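See structure below.
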Amino acid sequence: MTKQIAPNNLYSKIAELLHAARQTVVRAVNQTMVYTYYEIGRMIVEDEQQGKERAEYGKQVLKELSKRLTAEFGKGFSVENLDRMRYFYQVYSPPNSSTLLTNSENINEKSSTLLRKSKNSDTGISSIYNAMSHKFALSWSHYLKLMRIENPDERKFYEIECLANNWSLKELQRQFDTALYERLALSRDKDAVKQLALQGQLVAKPEDAIKEPYILEFLGLHAHNAYSETDLEQAIIDKIQHFLKELGKGFMFVSRQERISFDERHFYIDLVFYNRILRCFVLIDLKIGDLKHQDLGQMQMYVNYYDRFVKLADENKTVGIVLCQDKSKTLVEITLPEDNDQIFASRYQTVLPNKEDLKRLLTDKDF
C-alpha cells in the first residue's frame, strides 16, 4: 500500500520551498542592484574623464542627472547617492577590486545566465552583465560601509568575513568598531597579516583562534564599575551568543563551572567550549586584575587533566585561555614553555577599543 503524505507535512515542504525561492529572488535583486550601481558609477567616472575633470563640471552633471533620474525612476538617485556610486566604482574597479567573493558563484552564475541571454538585445543589461565579473555578493548597505574603510587590506578582510560568516550589516559594524582586523593582525607576522586580506581568518592551529584583546562591550560591565569574576562569568552566560561570536569561528559552548576531581579535591573550570574546526576542547578561566604565574599554572593543570581523562584519542590537544584585564608579556613567556602551543593569556576589555591606537601599534609593529 502506498504511504500517504500527511497534508501538514506536504504544506511544510511547499512552504519551505517558497520561502527559499523568495530569499533567492531577494538575493538576486539585491545583487543586480549592486551591479547596476557599479555600472552607473563607471559611466559617471568615464564621462568626467572626457577632458572635463574640473570639480565644478562634475557637480553640475550630478545635479542634472539626479533631477532627471528622480523624475523618471523615483527615489534613490540624489546627488549624494550618485556620488556614492561613483566612489563605489573608483574603490572596486581594477586593480582595486576584491580578490575573493567567488563563493557566490552559484548565485552569480544563475544571474549571469539570465543576463547573457539578453546581452545582444539590450545594451543596459549587457553593461550590468559585464560588471558582474566582479562577483559582488553582499548588499549595497554592506558596500556603503566597506568602501569607507581606507586600508584596502582591511577592507578586503571584512568583505571576506562578511561573506564567509553571513554577517548582517549590524554585525559588520560591530566587528569593525571592535577593531577585529587590527586585533588579529597584532598577533601575526607580516606574511600572516597579508593572508588576512587574501583569505580572511583561517583557523588551522590554536594560535589562529586567539585575539588580543577580546572585546566584551556587549556585557554592559563598564571599566569603572566594580564586578567580581562571578559577575563576569554570569554576564557572559547571559550573552553567550554574543560571546561565541567574539570567540570566533567554530566555537560551541559545553559547560560552566565544570568540576574536575582527584585526590579528594575539587576544582572548577569557569567555561568549557569545543572548537569543531580545531577539533579540541577550549577551557577558559576568567581573572579580574593582573595575570599571575599561578593562574597559568592552574590552567596548565586543567589542560593536562582534559588531555588525559576527557578528550578522545582522535581529538587534538586541549587549549587553555586565561582571560585577564592586564598581563605582563615577559611573565607569560617565562612561565610557559618555549614550544607552548596550548596555553594562552589574553586581555579582555569591557569597552570598545580605540581603533586609532591599535592602528598605530600595527604601523609601529616590528615584523
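The values are calculated or read from the model by the stated rules, or taken from the named source; none is laboratory data. These figures come from a predicted structure and were not determined experimentally. Every residue, glycine among them, receives a Cβ derived from its backbone with ideal geometry; neighbour counts consider all protein chains shown.
A few points about this structure:
- Positions within region 214-242 being among the aliphatic types (A, V, I, L, M) and assigned to a helix (DSSP H, G or I), in sequence order: Leu219, Leu232, Ala235, Ile236, Ile237, Ile240
- Members of region 299-310 that are surrounded by 16 or more Cβ atoms within 10 Å (Cβ to Cβ) and in contact (Cβ under 8 Å) with a residue 24 or more places away in the chain: Met299, Gln300, Tyr302, Val303, Tyr305, Tyr306
- Filtering region 107-147 to residues that are at pLDDT below 90, out of contact with any Leu (no Cβ under 7 Å at 6 or more places or on another chain) and not in a helix (DSSP H, G or I) leaves Ser118, Lys119, Asn120, Ser121, Asp122.
- Just one of (1) part of a helix (DSSP H, G or I); (2) within 24 Å of Gly289 (Cβ to Cβ) fails for Lys245. It is (2).
- Taken over region 275-294, residues that are surrounded by 17 or more Cβ atoms within 10 Å (Cβ to Cβ) and outside any loop (DSSP other than H, G, I, E, B) amount to 8.
- The test for being exposed (fewer than 14 other Cβ atoms within 10 Å of the Cβ) and among the acidic types (Asp, Glu) holds for Glu264.
- Screening Thr330, Thr335, Thr318 for residues that are polar (S, T, N, Q), surrounded by 21 or more Cβ atoms within 10 Å (Cβ to Cβ) and farther than 18 Å from Ile237 by Cα leaves exactly one candidate, Thr318.
- Breaking point among (1) touching a Ser or Thr at 6+ places or on another chain (Cβ under 9 Å); (2) assigned to a loop (DSSP other than H, G, I, E, B); (3) not assigned by TED's automatic domain parsing to the domain that holds Val25, for Glu150: (1)
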